[in-house]
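Peer 1: Have a look at the structure that comes next, please.
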């Protein structure tokens, strides 16, 4: 048997393929276009790039097919033939027109958490790589996990802007949870101390959370080196590389795999992952039973399972790249694979414990044994007896994980209590409805708004007044009502005040009522009546009555009935019209919030984004009264037109079909016509 020869790792832009010469030796070549990875191939010694154009094309073809779907130039037989013959012009033009980095649509703050134990040299290199990113708007938190000495603390102290946190309890998921508690960012990214991030990692990370349903992302993990046979074997057979095509793991993915168990390990690797910070509030932290030294690992995949099971989305982005230092010895690799299988089996059983999905139990007790029986038999038949040791090592790990779970399972009846937004609302008598009233110098109207809530037919209400820096009697008005929760902000604006209110509410349902408006006495009971009729809807909206500042009625707005996927209808116009007429399911605000960069029409923007994904219901019964007076923001027609067009423009990246594009264009025309009439009138 020939001794193993190292593989040199080479990164090549496809545009420079013809001019690149490889040095003698084995090569692991990753191909890019403008820093976007497209694929890789192994080139043995004495093979030039020009000799392997067919293999190279096959390696990058899945990514090409993905990007070609966004290009006016299709992939045809001539594309491959031209490429193999050394003519890459057509392929490069295809990539130029389609392969691009998305822009960040949200203004997220980023915290990078690196958990480490007794590796001071490695953590110093890891920190240096992160700090080399030109985007400097982030924080780094190093969690020193049960160290044997102070060397890691001393290494981190060389970097004055890096936050050091000591976690005395041993365990990776314990350290991850500690990092999340100390993080201040809206996005919490995780990498490992044996990882080097690419120079654009932070910049690319910002682009990964444009979809509000996305709660977790992972990225491409490439090897730092393949100098040892164990590194080569790991990358070839078990590596973290999940491919070069973006992937979505959402509710549909959950439904497809429900009966056989979601293969959540396909999502990515903990060495390159990130979460919205609110996921730790509604889904909980990493399960600390699934730790190195405990079950083995897989705390990350169990977390991804939880996110998808509860109706949210995980995404894999190959343009988010890091390099991982694989284990150098076969002994280390053997321990690693044992731990992986131990953690893998115990994680699946933990998933079953929490949700009771039959596929998870079936995977452990049927699919996995069948897989290894088939693998052992195939290995025997092919005479590859040298591979049996690794297979039995994995089987030992799986048995160990099963025994670990049996000794550490929680008592019966501990399934997570949740309702996915894709599941019907389970309204129960006594459910609390929170009414959030932002107020700025509208004390003269505030009492009527508060009393309209307190006098509801439905009695289980919570009133929260968010005083946004008022200089009038807003605070003293609130003191007259002992049950009202009074919160104060300092001129943060309407959207931020509403967001602050929802963060401090306790209800299962939420209504946002402006201080100069009020509800009808049957508003909440009317919404509940329609919610029971359409429990799959994530918000219920109704009609409203308009009055002037003297309480005289004004001509009514047109009342419509809409049900189902109403995104296309909302694109054409805001038929909801009044935010106080909407009752939301509270779970929505784990992913959605009012956009604080918009000075008007922020409710229209929020409802568009929600309707993009979920069923909604609009009925014709009057539930609120909208007061029109000289201080209304809507009186400034020029500003309102600018803002509503800005809201529609935000939807352009999410228009998926020609029909939606047509609805968007009609919406622009409708709003221009509407405000031109108001101006001329």
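Since every read-out is calculated from the coordinates, none of them should be taken as a lab result. These figures come from a predicted structure and were not determined experimentally. Note that each Cβ is placed from the backbone with ideal geometry, even for glycine, and that neighbours are counted across all protein chains shown.
Peer 1: Just rank 304, 377, 671, 265, fewest to most, by other beta-carbon atoms within 10 angstrom.
Peer 2: 377, 265, 671, 304
Peer 1: Still on this structure, please answer the following. Using only the alpha-carbon atoms, how far is helix 89-98 inclined from the longest principal axis of the chain? Give it as 0 to 90 degrees, nearest 10.
Peer 2: For helix 89-98, the angle is close to 30 degrees.
Peer 1: When every alpha-carbon pair in the chain is counted, what percent end up more than 35 Å apart?
Peer 2: When every Cα pair of the chain is considered, 52 percent fall beyond 35 Å.
Peer 1: What Rg and what Dmax come out for the stretch 124-281 when only alpha-carbon atoms are used, in angstroms?
Peer 2: 17.0, 52
Peer 1: Hey, how many Å between the Cα centroid of the stretch 524-541 and the Cα centroid of the stretch 41-62?
Peer 2: 58
Peer 1: Would you please give the FRET efficiency between residue 562 and residue 448, computed as 1/(1 + (r/R0)^6) with r the Cβ-Cβ distance and R0 = 45 Å, to the nearest 0.05?
Peer 2: My answer for the efficiency is 0.95.
Peer 1: Distance from the Cα centre of the stretch 1-34 to that of the stretch 605-681, in angstrom?
Peer 2: Each part reduced to its Cα centre gives a spacing of 53 Å.
Peer 1: May I ask for the equivalent-ellipsoid semi-axes of the stretch 237-386, computed as the square root of five times each C-alpha gyration tensor eigenvalue and listed largest first in whole Å?
Peer 2: For the stretch 237-386, the semi-axes come out at 26, 20, 16 Å.
Peer 1: Antiparallel DSSP bridges in the stretch 110-328: what percent, to the nearest 5?
Peer 2: 35
Peer 1: So how do 308-315, 369-376 stack up, highest first, on mean other-Cβ count within 10 Å?
Peer 2: Ranked by mean Cβ neighbours within 10 Å, highest first: 308-315, 369-376.
Peer 1: Another one. Send over the per residue convex hull volume for the stretch 7-98, Cα only, as a whole number of Å³. Show your work: numbers first, answer last.
Peer 2: Working: hull volume 7.3 nm³, N = 92.
In the stretch 7-98, the Cα convex hull volume per residue is 80 Å³.
Peer 1: Could you give the spread of the C-alpha atoms of the stretch 324-449 along their three principal axes, from largest to smallest, in whole angstroms?
Peer 2: Result for the stretch 324-449: principal-axis Cα extents of 87, 36, 28 Å.
Peer 1: Hey, fewest Cβ within 10 Å first, where do 111, 400 land in order?
Peer 2: Ordered from fewest to most neighbouring Cβ atoms within 10 Å, 111, 400 come out as 400, 111.
Peer 1: In addition: I'd like the antiparallel share, as a percent to the nearest 5, of DSSP beta bridges with both residues in the chain.
Peer 2: The answer is about 35 percent antiparallel.
Peer 1: Next up: Please report the orientation-averaged projected area of the stretch 2-46, defined via the convex hull of its C-alpha atoms, in nm².
Peer 2: 3.3
Peer 1: Calculate the FRET efficiency for residue 471 and residue 258 from the Cβ-Cβ distance with a Förster distance of 51 Å, rounded to the nearest 0.05.
Peer 2: That pair, residue 471 with residue 258, gives E of 0.35.
Peer 1: A further question on this structure: So how far, in whole Å, is the C-alpha centre of the stretch 332-372 from the one of the stretch 65-126?
Peer 2: 32
Peer 1: Something else now. Against the longest alpha carbon principal axis of the chain, how many degrees, from 0 to 90 and to the nearest 10, is the axis of helix 172-182 turned?
Peer 2: 40
Peer 1: Within 10 Å, count the other beta carbons around each residue, average over each peptide in 2-11, 582-591, and list them highest first.
Peer 2: On the way: 2-11: 14.0, 582-591: 21.4.
Put in order of decreasing packing, that is 582-591, 2-11.
Peer 1: When Rg is the radius of gyration of the Cα atoms in the stretch 446-493 and Rh is its Kirkwood radius, what does Rg/Rh come to? Kindly include the intermediate steps, with their values, before the conclusion.
Peer 2: Working: Rg = 11.3 Å, Rh = 11.4 Å.
Over the Cα atoms of the stretch 446-493, Rg/Rh equals 0.99.
Peer 1: Using just the helices of the chain, give the 222 nm mean residue ellipticity in deg cm²/dmol: DSSP H runs with n ≥ 4 each add -39,500 (n - 2.57), and the total is spread over all residues, rounded to 500.
Peer 2: Mean residue ellipticity, 222 nm, calculated: -11500 deg cm²/dmol.
Peer 1: Fewest first, what order do 437, 73 take by the number of other Cβ atoms within 10 Å?
Peer 2: Listing 437, 73 from fewest to most nearby Cβ atoms yields 73, 437.
Peer 1: Rank-order 169-180, 210-221, 252-263, 76-87 by packing density, defined as the average count of other C-beta atoms within 10 Å over each peptide's residues, highest first.
Peer 2: Ranking, from highest mean packing down: 210-221, 169-180, 252-263, 76-87.
Peer 1: While we're on this one: For the stretch 433-680, build the convex hull from the C-alpha positions and give me its volume per residue in Å³.
Peer 2: Considering the Cα atoms of the stretch 433-680, their hull volume per residue is 120 Å³.
Peer 1: With axes computed from alpha carbons, what is the tilt in degrees of helix 388-408 against the longest principal axis of the chain, rounded to the nearest 10 within 0 to 90?
Peer 2: For 388-408 against the chain, the angle is about 40 degrees.
Peer 1: May I pose another question? What do the square roots of 5 times the Cα gyration tensor eigenvalues come to for the stretch 283-352, in whole Å, largest first, as semi-axes of the equivalent ellipsoid? Before the final figure, lay out the partial values.
Peer 2: Details: eigenvalues 112, 69, 15 Å².
Here the semi-axes work out to 24, 19, 9 Å.
Peer 1: While we're here: With only alpha-carbon atoms in the gyration tensor, what are the semi-axes of the equivalent ellipsoid for the stretch 181-231, in Å, largest first? Let's see the in-between values first.
Peer 2: Values: eigenvalues 142, 35, 22 Å².
The three semi-axes for the stretch 181-231 are 27, 13, 11 Å.
Peer 1: When the chain is fully extended, how far beyond the present Cα-Cα distance does residue 335 get from residue 382, taking 0.36 nm per residue of separation?
Peer 2: In short, 14.3 nm is gained.
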